[in-house]
Structures are given as structure tokens and as C-alpha cells.
Protein chains: 2
Amino acid sequence: MGFMEGLAQVAGLLADRTRAAFCGALLDGRAWTARELAVHAGVAASTASEHLTRLVEGGLLVEHRQGRHRYVALAGPHVAELLESMAAFAGPDARPRSLRASSASEAMARGRTCYDHLAGQLGITLKSGLVGLGVVTAELAVTEPGMVWLKELGFEPSQRQVSRACLDWTERVPHLAGAAGAHLCRVFFERGWVRRIGSGRAVVLAPAGEQAWRELGIV
Amino acid sequence: MGFMEGLAQVAGLLADRTRAAFCGALLDGRAWTARELAVHAGVAASTASEHLTRLVEGGLLVEHRQGRHRYVALAGPHVAELLESMAAFAGPDARPRSLRASSASEAMARGRTCYDHLAGQLGITLKSGLVGLGVVTAELAVTEPGMVWLKELGFEPSQRQVSRACLDWTERVPHLAGAAGAHLCRVFFERGWVRRIGSGRAVVLAPAGEQAWRELGIV
DNA sequence: GGGACGCTTCGGTGCGGGCCGAAGCGTCCC
DNA sequence: GGGACGCTTCGGCCCGCACCGAAGCGTCCC
């Protein structure tokens, strides 16, 4: 009965409270950084690092290194399904939580902040609009006229890299990060064009924002 | 995220090689004794006893005490489904093994030995026939004419209890055990009326047995 | 370049638990 | 009753591992 050893192995990955808490947090479909998960589970960063390595090697999680960050996410829907079935077995209270999590996940996919810039479908919309306006190239490099456009919105070049590509985890395409992306995000918040919803990182484009983006030619 | 603790708990039950081997053996749907499982997994009887207690308390197994034996079986189809999904995740070789197990289980359900007597559908058929012949009552007590009938088949009363009811795990009804049941089973084997199939406890009624049972009025 | 930050590696600690053998108890056979 | 058998409890051993803090490395900001 050798095939039960594999079962014991994957069960062992989920048998730890901390690792289970990681997976539960990741059930929303987003990618979390190692530190976020460590804080969430209440363990030291070093402990979380080791747990994540085991979960990734076990095939439950996939990771994505970006700068000094380590993003992790569930390896796919099959992992989410496995967790769902086990949680369903463990307790009858899994259903309402799952509903809340999925609705929160949808809001997050529509729009969220990624550290200091916009991500999600909203971030992709912004990027597409900027590319269409010629502010940035398809590779997210700021053009000459793009810099003028940015300065009209109060952007001041600093020593920080003007633009960077940030891989969007839910959309699987890069969006605008760097100084320009951070500045735009800050301006959008200051002017009330975007606002946070819920308790997390989810954001939504306000009616005033929709009109302003149309006037700017973003949408 | 309190509901993930329950998940970690049930995962912990399956995270051990020995306990996983127990569950894998029980996936055939039969009830196993503690000793059988201990031998199967290669651990001491004391170790198996503790594991079984944990699995029963965790709700994965149900137990049934019968005399000095402790029968355990999966708590239900939902447990089997959980194990199937976890095994499917763990490895791609789960499917053929599952098939083998289920076919072996079918053979076992059709007929098997229960220590020294017949069980499964074959055991139920025998019991029904004996009741119809008036050899035993519906409560499996041997009647006066039944004792004569048994002696014609070579049965000799001993100090051992003549008849006992043994709960059939696959059929959920009692069948004939005790000295009479053991004697009949031995006679059937000696005369080639039943024979073993496969490597386990599965047995089948041979053609000669079918004819003999008809002549005796059992079927 | 300097400083902040996120992550990883490495010792070291402590607890949990899997395992066994021995002893004891209840059941069954003769 | 005597003996065999199955199971359980108990004590003890030991391995695994979850955890932390300190140190080091790479990245990012200014």
C-alpha cells in the first residue's frame, strides 16, 4: 500500500497549525509575502520561511520572487479543492467562511493596492490606458511625452526608479510599479478617485474617478 | 481563521505512516481487527491499539467490540471520499490501486471466512437456508431436529458453545458462528464445496457446492 | 554610499509523539 | 479451572520538528 505514504506526506504538510493557517490565508486566491503570512500566523519570519519552503517543495504552493519579496500562492485550484474538502470534513462552519473569502477575493481581483501602486483588474486598466496614451511603452518604460504627462499630475522625479514592471498575480500580466506607479496611486487616493473597500487591500474606482479617467483618456 | 485548526487536526491523524496504512487497508470497506491492522502495518499490537483509539476519537473510524476482538472500519463513505481525494492529490497511481481494492472488496463481500466460519453474502445464504430447514431458529439457536441434521454432517458436540451470532460487517445482519458454524465451514472446505480465491479471506461456492447445497435444501 | 527592509541560514532548545516490551484484563476454547 | 489469545495500559526511549534569535545576504530607497 505504498500510495498511502504520499497521502501521509501531504497530510503532514497540513498537519501543522502554522502551515494550515498559511493555506487558509492563501485560500483567497491572492499571493502573500512571507512576512504577511508570518504576521498572520503569529510566528517569526525565520519560522515562516522554513514552512514556506516545505509547502512549495511539497507542491501545495508556488512562489514568485520579486525583488526582496517572496510571494507565495496556492499551486492551483486543485489545492484549493483539497483544502475545501478537508475543511468541510473537519467542521461544518467552513461554508460561510468560504463564501466570505470568495467574495473578498473577487473584490481583491477587481482592484487592490500592491504596496504603493494599483493592481488587479484596475491596475491592468490603468496600464493599458497609459500605454494607449503613449505615457509608457508596452514594456512599461516612461516615454518623453509621458514624463510631461506625469509632471502635470504633480510627479517629481527622484532617485527612485521611475517605472518598474510588477507581475500581477491575479491577472498574470505586468502592471506599472516604481515611482510613477506609486505617485499615481497616491494622487488617485488624494483626489478621491479610488477608495478602499473592506478591511484589506481591495480598492474600487469611485464615480469621480471614472469621470476623471475618461477626461484623461485612460479609459 | 479558527476553522483551519480542525483541518490541521484531521490532517494530523493522516500524517502518520502507520495510521495512513490503516486507513488504506480499511478502504476496501471491510472491518479489520486490531491485530490484522497491526500485522499489515508492521507495528506492535500496543502501538496499533493507540493509533486506532486516536482514529476513532477523531471520527475517521468506527469500532465494534465483539468478544475479545476489536473491529474497526471507516466511519462512512465521506471518509473514503476524503481519503480518495487526498490520495489522488498525492500521486497519480491511486486509481489502479483503488480499482484492485474495490474488486477485492467485492469478492470479499460475496463470501469470506470469519475466523472459522463463513461470512459475507455466502454466510447469509447459509444462515437463511438453515433457518428455512429448521436447523436453527431466527435467533441462531440450534433446534432438536437441527442437532440431528448437524450430526449427519459429522458434527460432534463439544464443550464449545454450539452456536453463536456473529454480526456480519458487510451485510449488517448476524450469521452463524460457534462450534456449528465452524464445523460446517470446515466440512464445506474438506468436501470442496467452497474454496478460497485470491490471497485473502475471500471464498466462493464451487459448482459441487452449489449442487450439494441444493440437495441439502440450503438453497 | 548609507540605511532600512525582507528573506534566509544556522545553532540551539523544548515539546510532542511514535514506538516497543512488559504487565494486566477480559474473552474464548477445551 | 487451566491455558491460549486479543486487546489495553504504562513506562521509557528516541527521533522529528516547530520555534526562536542572531547573523548574513540581497534589494530598495534616498
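The values are calculated or read from the model by the stated rules, or taken from the named source; none is laboratory data. Bear in mind the structure is a predicted one, so any value in this text is a computation, not a measurement. Neighbour counts run over all protein chains shown; Cβ positions are idealised from the backbone, glycine included. For accessibility, only protein heavy atoms count, side chains too; no ligands or nucleic acids. Shrake-Rupley method; radii C 1.70, N 1.55, O 1.52, S 1.80 Å.
For the interface of chains B and A, what total accessible area is buried with a 1.4 Å probe, rounded to the nearest 100 Å²?
Answer for the B-A pair: about 2900 Å² buried.
Determine the order of B:151, A:127 by accessible area, beginning with the largest, at a probe radius of 1.4 Å.
Solvent-accessible surface, decreasing: B:151, A:127.
Work out the length of the dipole vector of the stretch A:3-100 about its Cα centre, built from +1 on the beta-carbon of each Lys and Arg and -1 on the beta-carbon of each Asp and Glu, and round it to the nearest 20 debye.
The dipole of the stretch A:3-100 has a size of about 360 debye.
Report the trypsin sites (Lys or Arg not before Pro) located in the stretch B:5-70 that are in a DSSP loop and have at most 11 other Cβ atoms inside 10 Å of their Cβ, or state none.
When the trypsin sites (Lys or Arg not before Pro) of the stretch B:5-70 are filtered for loop state and at most 11 Cβ neighbours within 10 Å, B:68 remain.
Shortest first and in nm to one decimal, what separations exist between residue B:42 and its copies in the other chains, measuring from label points 7 Å along the Cα-to-beta-carbon line?
4.0
Mind ranking B:210, A:36, A:215 by accessible surface for me, highest first, 1.4 Å probe?
A:215, B:210, A:36
In nm to one decimal, list the spacings between the residue B:139 label point and its equivalents in the other copies, with label points set 7 Å along Cα to Cβ, shortest first.
9.2
Write out the chymotrypsin sites (Phe, Trp or Tyr not before Pro) in the stretch A:115-155 meeting two conditions: DSSP loop, and at most 16 other Cβ atoms within 10 Å of their Cβ.
The qualifying sites are A:115.
For label points placed 7 Å from Cα toward Cβ, what is the shortest-first list of nm distances from residue B:152 to its copies?
With the label placed 7 Å along Cα→Cβ, residue B:152 yields 11.1 nm.
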